[in-house]
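Here's a structure for you.
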Amino acid sequence: MKEGAWSEAWTRLAAGRVARIAFLIMLALILLALLGPAFSPHASATLDWQSVATAPGGSSRHWLGTDRLGRDLFVRTLEGARVSLAVAAVASVVSISIGLGYGAVAGYVGGHTDRLMMRFIEILSGLPLIFFVIFVTVLFGRNEVLLFLSIGAVGWLTLARIVRGQTLSVRRREFIEAAIVSGASGARIIVRHVLPNVASPAIVYATLAIPQIILLESFLSFLGLGIQEPQASLGTLIAEGAGELQSAPWMLLVPGTFLTLLLLSLNLVGDGLRDAFDVGERG
């Protein structure tokens, strides 16, 4: 994708009102998660026995209330969001790295190699990959790094298909033929010419995959297979709040609202990026 096309795509994205508002909300939520706890007098593990299960507004010391142990929900939610965002970031890097490389190689090499690589993806796509993550977690224990990598390792299949299709199109362009004639190696052509021209689908995929990864991590944490105490993610906080829904509904509403806003803004930004790049490529 040429530099001018990238510039046009970003300009088109910024011109969209919905995508622009969603981006600002997403940025505000991320900054709040990263910086918010520093402005609170409470730590996530601090127990305030005088304010146990306090509703939002019920205490001047705790803006969004506390849980059953008197821990501040504002700080707990933001630190849980940090963990969920970290999982999403690492898993996205893993899945994008595998998907870009795999799809580019399959599309560029073509022939029998391409068919074999695509059959492998079709086989993996037919498997319930979430059970692979659960299996790895149970087999090797609840290791956070392993959780990050295993989630990322099952999220690259769709991107590999997209990149492979884009690579097949790029492979027929004149500058690729010129690079081949000049004697450039296949690896050099893929790195220098193919990957820069198929990067836009990867960017769009990342913004659309991050919400799915956060939901997957939240689901695993809800099942007790993800992040464990004393740390917390949005999933563990929601699981804890679900058990207190009748007596302390704010324990579910506070992290649930944050997660909903984060996922909605990420999805809207992803949709805006997809539309911007699609129009740019058609033009």
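Laboratory data are not the source of any read-out in this text; all were calculated from the coordinates shown. Note that the coordinates shown come from a computational prediction; the quantities given were computed from them, not determined experimentally. FYI the Cβ positions are ideal-geometry reconstructions off the backbone, even for glycines, and counts take in every protein chain you see.
Quick one: length gained pulling S185 to L124 fully straight, 0.36 nm per residue minus the C-alpha distance?
Separation in residues times 0.36 nm, less the Cα-Cα distance, equals 18.9 nm.
Calculate the spin-label point distance for D48 paired with R192, positioning each point 7 Å from the Cα along the beta-carbon direction, and give it in nanometres.
Once both label points are built, they end up 6.1 nm from each other.
Moving to a separate point now. If we count other beta carbons within 10 Å of each Cβ, what is the order of I130, I98, I189, fewest first?
Placing the least packed residue first, the sequence is I130, I98, I189.
A follow-up question, please. Hey, what's the Kirkwood Rh for the chain if you take every pair of different alpha carbons, in angstrom?
20.9 Å
Neighbouring Cβ atoms within 10 Å as the yardstick, rank L24, L64, L253 fewest first.
L24, L253, L64
Give me the percent of Cα-Cα pairs in the stretch 103-172 that sit more than 16 Å apart, rounded to a whole number.
So the portion of pairs separated by more than 16 Å is 54 percent.
If I take R0 = 35 Å and measure r between the Cβ atoms of A178 and R17 in this structure, what FRET efficiency does the formula 1/(1 + (r/R0)^6) give, to the nearest 0.05?
That gives a FRET efficiency of 0.25.
Along the charge dipole of the chain, which of I21, A160, G243 sits closest to the positive end, that is, farthest toward it, with unit charges on the beta carbon of Lys, Arg, Asp and Glu (+1, +1, -1, -1)?
A160
Evaluate the charge dipole of the chain about its Cα centre and quote only its size in Debye, nearest 20, assuming +1 on the Cβ of each Lys and Arg and -1 on the Cβ of each Asp and Glu.
720 debye
Here is a further query. Where nothing but the Cβ of Lys and Arg (+1) and of Asp and Glu (-1) is charged, how large is the charge dipole of the stretch 139-261 around its Cα centre, in debye to the nearest 20?
Its charge dipole is roughly 860 debye.
While we're on this one: Ignoring everything except DSSP H segments at least 4 long, calculate the 222 nm mean residue ellipticity for the chain; use -39,500 (n - 2.57) per segment, divide by total residues, nearest 500.
Value at 222 nm, helices only, nearest 500: -23500 deg cm²/dmol.
Okay, next question. By its C-alpha gyration tensor, with a ≥ b ≥ c as the square roots of the eigenvalues, how is the stretch 176-236 shaped: rounded for a/c under 1.5, else prolate for a/b larger than b/c, else oblate?
prolate
Oh, and also: Quick one: order V133, V191, V83 by neighbouring beta-carbon count within 10 Å, fewest to most.
The most exposed by this proxy come first: V191, V83, V133.
May I pose another question? At R0 = 25 Å, how high is the FRET efficiency between V145 and I30 if r is their beta carbon distance? Nearest 0.05 is fine.
Step by step, r from the Cβ atoms, then E = 0.70.
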